Amino acid sequence: TLAALTRVGSRRPILAAVPTTAEAERLAHDLATFLGDDAVELFPAWETLPHERLSPTHDTVGRRLQVLRRLAHPDDRWSGSDKIKVVVAGVRALLQPIVTGLGDLEPVSARAGESPGLESIVERLVGIGYERTDLVTRRGELAVRGGIVDVFVPTDDFPLRIEFFGDEVEEVRSFSITDQRSLDLVDRGLWAPPCREVLLTPEVRERATALAVEYPELGDLLSSLAEGIHVEGMESLAPVLCDGMETLLDVLPTDA
């Protein structure tokens, strides 16, 4: 029935709310068989509760921010995707407040032939929550070796290897985690959404500094955030660190 509704001449997206995450995953999978993968998006809930001192995984955050980006900028054809026809969400994902404006965060992108500069790409990736390591083994990590940047985007199946010649991107390939060998060329290049829903902008760090004085019992956590260090469970402080909160209903088009 939902698949048929999208074909009745309306371009309005549909929100399908179901009780649990497992049911949301099943429904999204079934709808994709009728409408195609790009037309259906699952908006997952965090694996943790909002007040817990645990951070959601990079995989979950990346998928959530990809949906929010596509809703906020439906004409952004970063991968040839068309507009979303159905968003599927469990009740927890539907009701949980999210930081205002996440859909407007600019992903980091680079394609062969462009000249973004290696240091600029690395700086921007770190700024949106990617963790710099010696070797990329998990989603949300990046590593630099000479003129090569390895990065594992949370929404991708394989990590990407970006080879630079000076400031210009020569090629973008996927590579294997197990033996670190390069694989296939990736024509669409790099498209990396943020890895965290709370980014340590100068404004957020300033608020963390002020809150550390007001709430000394949170001193260790807030002091780390003030210094620009990502800390496990920092998302629990999003309501006081960020400019505002909204829900998935607020970011859907008004005619959804």
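Under 10 Å from the Cβ of Gly140, count the other residues' Cβ atoms, weight Lys and Arg +1, Asp and Glu -1, and hand me the total.
0
Please label the shape of the chain as rounded, prolate or oblate, based on the square roots a ≥ b ≥ c of the eigenvalues of the alpha-carbon gyration tensor (a/c under 1.5 means rounded; beyond that, a/b larger than b/c means prolate, else oblate).
Oblate, since a/c reaches 1.5 and b/c is not below a/b.
If you filter the stretch 207-246 for GluC sites (Glu not before Pro), then keep DSSP loop positions with at most 16 other Cβ within 10 Å, what is left?
Glu227, Glu232
Would you check the accessible area of Phe165, probe 1.4 Å, heavy atoms only, in square angstrom rounded to 10?
150 Å²
Please give the net charge around Thr155, taking every other residue with its beta carbon less than 13 angstrom from that of Thr155, where Lys and Arg add +1 and Asp and Glu add -1.
Counting the neighbours of Thr155, the net charge comes to 0.
Residues of the stretch 81-238: accessible area per residue at 1.4 Å, in Å²?
Per residue, the stretch 81-238 has 48 Å² of solvent-accessible surface.
Once neighbouring chains are kept in place and the probe is 1.4 Å, which whole percent of the accessible area of the chain is contributed by carbon and sulfur?
C and S fraction of accessible area: 51 percent.
How high is the FRET efficiency from Glu25 to Leu218, r the C-beta distance, R0 25 Å, rounded to 0.05?
E between Glu25 and Leu218, to the nearest 0.05, is 0.10.
Select from the stretch 52-158 those trypsin sites (Lys or Arg not before Pro) which occupy a DSSP coil region and have at most 11 other Cβ atoms within 10 Å, ordered by residue number.
Passing both the DSSP loop test and the Cβ count: Arg77.
So, R0 is 51 Å and r is the distance between the beta-carbons of Arg11 and Arg132; what FRET efficiency does that work out to, to 0.05?
The value I calculate is 0.75.
Rank these residues by their accessible area, most exposed first, probe 1.4 Å: Val99, Val144, Val126.
Final ranking, largest accessible area leading: Val126, Val144, Val99.
With a cut-off of 14 Å, note down the residues of the stretch 137-172 whose backbone N falls inside the zone around a label point 7 Å from the Cα of Ser115 toward its beta carbon.
Taking a point 7 Å out along Cα→Cβ of Ser115, the residues of the stretch 137-172 whose backbone N falls under 14 Å are 165-170.
Can you give the relative contact order of the stretch 1-127 as a percent, counting alpha carbon pairs under 8 Å and 6+ residues apart?
32 percent
What do you get for Rg/Rh of the stretch 1-92 when both radii come from the Cα atoms and Rh is the Kirkwood radius?
Computed over Cα atoms, the ratio is 0.99.
Given the -39500 (n - 2.57) contribution per DSSP H run of 4+ residues, what per-residue ellipticity at 222 nm results for the chain, rounded to the nearest 500 deg cm²/dmol?
Helices in the chain give a 222 nm mean residue ellipticity of -8500 deg cm²/dmol.
When all protein chains stay in place, what accessible area (Å², nearest 10, 1.4 Å probe) is found for Glu25?
Glu25 has an accessible surface of roughly 90 Å² with all protein chains in place.
Using 1/(1 + (r/R0)^6) with R0 = 41 angstrom and r between the beta carbons of Ala256 and Asp157, what's the FRET efficiency to the nearest 0.05?
Step by step, r from the Cβ atoms, then E = 0.90.
Quick check: with the 1.4 Å probe, what order do Asp104, Asp82, Asp134 take by accessible area, largest first?
Correct descending sequence by accessible area is Asp134, Asp104, Asp82.
Would you mind calculating the relative contact order of the chain from Cα pairs under 8 angstrom and at least 6 residues apart, reporting the percent as a whole number?
Relative contact order of the chain: 22 percent.
Shape verdict for the stretch 40-139, please, from the Cα gyration tensor: rounded (a/c under 1.5), prolate (a/b greater than b/c) or oblate.
Oblate.
The values are calculated or read from the model by the stated rules, or taken from the named source; none is laboratory data. Just so it is clear, the structure is predicted and the values come from calculations on it, not from any experiment. Here Cβ is always computed from backbone atoms with ideal geometry, including for glycine, and neighbour counts include all displayed protein chains. Accessible surface is based on the protein model in full, side chains and every heavy atom, while ligands, DNA and RNA are left aside. Shrake-Rupley method; radii C 1.70, N 1.55, O 1.52, S 1.80 Å.
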